[in-house]
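The values are calculated or read from the model by the stated rules, or taken from the named source; none is laboratory data. Since the model is a prediction, treat every value here as computed from it, not as a measurement. With ideal geometry, Cβ positions are generated from the backbone for all residues, glycine too; neighbour counts draw on all protein chains shown. With ligands, DNA and RNA removed, areas are computed over all heavy atoms of the protein, side chains included. Shrake-Rupley method; radii C 1.70, N 1.55, O 1.52, S 1.80 Å.
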Amino acid sequence: MATKWGICSAGKISHDFLVALQTLPSGDHQAVAVAARDLKRANEFAQSHKIMKAYGSYEELAKDANIDIVYVGVLHTVHRDVVLMFLKNKKNVLCEKPMAMNSKEVEELISAAKKYDVFIMEGIWSRFFPVYGQIRTLLSQKAIGDVKVVRAEFGSNQYHVPRAVQKELGGGALLDIGCYCIQFALMVFNGERPESVTAKGFLYETGVDETVTIILQYPGKRQAILTCTIMVAMPNQAAICGSKGMIQVPTCMWCPTSVILNGEETKFPLPPSSKPMHFTNSTGLSYEAEHVRQCLLKGLKESPLMSLADSQLLANIMEEVRKQLGVRFPQDTSL
């Protein structure tokens, strides 16, 4: 039986998610309803993607009994309120990253999911790419010995995009793209909490972070050095350096199609896209969607590959980084 998806928002990421969904068997995945704040926009989106139902409010989607899980692709400033509404209506949720604006909001969503006994996962789609699966396998096999240094970078020239720089829209490099670098380190170090977090960076004129470098220090002289920026494009590579060698992600570390082990490259081609996409390698969202389906079929309430503990730790680290940089959002009370 197909997993029935409800789509919350008719934006660019929801478009890409649906195109990715179409690369999977229709007997396994079906988008059955979409909701936007404007019914006209929802209708146009539904027609474009051949979705049967369109709603002019998120509340109507929450009441639809024909949905197995809701994909939430709204602006992250409203993740907490929108996701909470779906959870209270006992809907399973896949929420785009970041799960919420700060650690308190993330904690609130995790508690609500447990209270209403539903599945929730933060959409860190990177975790489900075949390259990441290969990295986890190599690490478990100790293919590069003991890991000592992790490096990851994500830089994109997008300071001219309002969403990237406006504080009221949750702007800044960290929440938008830096989270991918941090989650990479968390995966490599298997969810271990760093013993210290050090951040240095610069703020944009709007008060959001524009360039940030983070050092996560771990016991046993292990370290992760992570850089993100919305000011310039970077090679966007990652490396895991161990006592017996190195694993490299040559580019697009957040959505990679190849991995290099000690100089030898292995490629993992993406599913082909049937329509133009808005974001890099977006058909890779299909890996995430299929993982969620498998979790639901097994009756799981969280993902073993992107756990709720990882989401909480990710939020805690980002909050500590923002505290050191002096970045505060209206949603913050503890910073």
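The fraction of Cα-Cα pairs per 10 angstrom bin, counted from 0 for the chain, comes to 6, 26, 35, 25, 7, 1 percent, rounded to whole percents. Calculate how steeply helix 285-297 sits against the longest principal axis of the alpha-carbon atoms of the chain, using the helix alpha-carbon long axis, and give the answer as 0 to 90 degrees to the nearest 10. Taking the Cα atoms of the chain, the angle to 285-297 is about 70 degrees. For the range 208-276, the convex hull spanned by the alpha carbon atoms encloses 133 Å³ per residue. Label zone (LYS148, point 7 Å along Cα-to-C-beta; backbone nitrogen cut-off 19 Å) within the range 198-231: 215-226.
The figure for THR333 is an accessible area of roughly 100 square angstrom, using a 1.4 Å probe on the protein chains alone.
Distance between Cα centroids, the range 16-46 to the range 263-329: provide it in whole Å. Each part reduced to its Cα centre gives a spacing of 19 Å. Within the range 132-266, the proportion of C-alpha pairs whose separation exceeds 22 Å stands at 38%. Only protein atoms count toward the accessible area here, which uses a 1.4 Å probe; on the chain, the carbon and sulfur part of that area reaches 52 percent. Figure legend: label point modelled 7 angstrom from the Cα of LYS114 along Cα→Cβ; residues of the range 303-332 with amide N under 18 Å from it are 303-316.
Averaging 1/r over every pair of different alpha carbons in the range 202-246 and inverting the result gives a Kirkwood radius of 12.8 Å. The amide H of VAL34, built 1.01 Å from its N in the peptide plane, has ILE7, LYS53, ALA54, TYR55 as neighbours under 5 Å, considering only residues 5 or more places off or on other chains. I'd like the FRET efficiency for CYS241 and LYS104, computed as 1/(1 + (r/R0)^6) with the beta carbon distance as r and R0 of 30 Å, rounded to 0.05. Efficiency, from the Cβ-Cβ distance: 0.30. In units of the compact-protein estimate 2.2 N^0.38 Å, the range 64-115 shows a Cα radius of gyration of 1.04. Largest first and in whole Å, the equivalent-ellipsoid semi-axes of the range 244-321 read 24, 21, 15, each the square root of five times a Cα gyration tensor eigenvalue. For the chain, a crude dipole built from +1 on the beta carbon of Lys and Arg and -1 on the beta carbon of Asp and Glu, taken about the Cα centre, is about 360 debye to the nearest 20.
Highest GNM mean-square fluctuation among MET234, MET99, MET318, for the chain modelled with Cα contacts below 10 Å: MET234.
Based on C-alpha pairs under 8 angstrom that are at least 6 apart in sequence, the chain has a relative contact order of 20 percent.
Can you give the log10 of the normalised intensity I(q)/I(0) at q = 0.13, 0.23 Å⁻¹, computed with Debye over equal Cα scatterers of the range 14-141? With no solvent term, the Cα-only Debye profile gives -0.59, -1.41. Per residue, the chain exposes an accessible area of 42 Å² to a 1.4 Å probe, with every protein chain left in place. If each Cα of the range 143-209 is one equal point scatterer, what is log10 of I(q)/I(0) from the Debye formula at q = 0.14, 0.21, 0.28 Å⁻¹? Calculated log10 I(q)/I(0) at the listed q: -0.53, -0.94, -1.29.
Using a Gaussian network model of the chain whose springs link C-alpha atoms within less than 10 Å, name the residue from GLU195, GLU319, GLU302 with the highest mean-square fluctuation. Looking only at GLU195, GLU319, GLU302, the biggest GNM fluctuation is shown by GLU195.
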